[in-house]
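Q: What follows is a single structure, and I will ask about it in a moment.
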Amino acid sequence: MKIAVVGVQGDVEEHVLITKKAMKKLGMGGEVVATRRSGVVSKSDGVIIPGGESTTISRLIFRDTVASEILQLANEGKPVMGTCAGLILLSKYGDEQVRKTDTRLLELLDVRVKRNAFGRQRESFQTVLHFKGIGEVDAVFIRAPAIVDAGKEVDILATFENYVVAAKQNNVLGLAFHPELTNDTRIHEYFLKMADF
Ligand code: GLN
C-alpha cells in the first residue's frame, strides 16, 4: 500500500504521520510519501490533499501533472481524501470567492462549497461531530469551508450547524475539518479501508 500526500503546501507532515500511525493500527504494510513532483501520485494506491490555501494548492497542482494524476487515480476507483482546502479542491462547484480567485477545482465531489464558511468570529474552533460509520470524533476547524449543497450521489457523513462538513462519493472523501490535528486515527483508518479493496 502506498499513499501519497500532496505536499505542495499546508499541513502535509501531520497527514503523513497520522496515516503511518493508522496503517500500523490496521496492521497494513506500506509507505506514505509527501510529494510535489509529477509521477508519484500516479503510482500510489491513494492520495490525500491537505489543508492550506486552496488558491495556492490549486495553482501548484494544475501547473504540472499532479492534478491530472489525482483525477486518474480517482477514475481508477482509488481513494482520494481532501481536508479543508483539500475539500475545496475536490468540489465540483465553488462560491463567489472561488470564482473571483479563478481557483480551478478537481470537480470530483458533486457538492458546492463555501470558503471560510464560519466567518471571522470563529476562524478556528474545535467541536465534537457525529461521523457516520465511526461515531463521535473531535474535529478541528481552521478557516474552514463547508458544503452548502450536495448531489444525490453524495453520502453525507457529518454535519455541523446547518452545514455538511464531511461527505463521500464512492471513493472520494471530503472533510471541512482537520483529522490530522488530533491523535485520533479513526478517520485515516476509514480512508485506508477505502483503499483496501
Ligand atoms: N480558508 C482556506 C482556503 O479557503 C482553507 C483553510 C484550511 O485549509 N485550513 O483555502
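Q: If you build a Gaussian network model of the chain, linking Cα atoms that sit under 10 Å apart, which residue out of Ala144, Ala74, Ala176 swings the most?
A: Evaluated over the chain, the most mobile residue of the options is Ala74.
Q: Another question, if that's okay. For region 115-197, how big is Rg over Rh, using alpha carbon atoms and the Kirkwood form of Rh?
A: 0.95
Q: Next up: With only alpha-carbon atoms counted, please give the Rg and Dmax of region 72-128, in Å.
A: 13.0, 41
Q: If you don't mind, another one. Give the average over all directions of the projected area of the C-alpha convex hull of region 136-180, one decimal, in nm². Intermediate values should be presented prior to the final figure.
A: Numbers: hull surface 14.1 nm².
Computed as one quarter of the Cα hull surface, the answer is 3.5 nm².
Q: Something else about it: May I ask you to work out the translational diffusion coefficient for region 1-73 at 25 °C, viscosity 0.890 mPa s, via Stokes-Einstein with Rh from the Kirkwood sum over Cα pairs, reported in whole µm²/s?
A: D, rounded to a whole number, is 199 µm²/s.
Q: Please identify the helices of the chain, taking whole runs of DSSP H, that span at least 27 Å along their own axis as judged from the Cα atoms and have a mean Kyte-Doolittle score of -1.0 or higher.
A: Qualifying helices, which must be both long enough and hydrophobic enough, do not occur.
Q: Further question on the same structure: Calculate, axis by axis, the spread of Cα positions in the chain along the three principal axes, and write the results as whole Å, longest axis first.
A: 42, 38, 31
Q: Right, another one. Tell me what the chain gives for mean residue ellipticity at 222 nm when only DSSP H runs of n ≥ 4 count, each as -39,500 (n - 2.57), the sum divided by the residue total, rounded to 500 deg cm²/dmol.
A: -8000 deg cm²/dmol, from helical runs alone.
Q: Dipole size in debye (nearest 20) for region 124-174 around its Cα centre, Lys and Arg Cβ +1, Asp and Glu Cβ -1?
A: 100
Q: Region 95-147: Rg/Rh from Cα coordinates, Kirkwood Rh?
A: 1.04
Q: If you don't mind, another one. Between Ile70, Ile142, Ile49, where does the largest GNM mean-square fluctuation fall for the chain, given springs only between Cα atoms within less than 10 Å?
A: Its mean-square fluctuation being the largest, the pick is Ile142.
Q: Ok, one more. Beyond 11 Å, how much of the Cα-Cα pair distribution for region 23-63 remains, as a whole percent?
A: Roughly 73 percent, once rounded to a whole number.
Q: To continue, here is another question. Only bridges whose two residues both fall in the chain count here: according to DSSP, what percent of them are antiparallel, nearest 5?
A: Details: 22 of 39 bridges.
Percent antiparallel among DSSP bridges in the chain is about 55.
Q: Given 0.36 nm per residue, what is the gain on full extension from Met28 to Ile156 after removing their alpha carbon distance, in nm?
A: Here the answer is 43.4 nm.
Values quoted throughout were computed directly from the atomic coordinates according to the rules given, and no laboratory measurement underlies them. Quick caveat: nothing in here was measured; it's all calculated off a predicted structure. Note: ideal-geometry Cβ built from the backbone for every residue, glycine included; neighbour counts use all protein chains shown.
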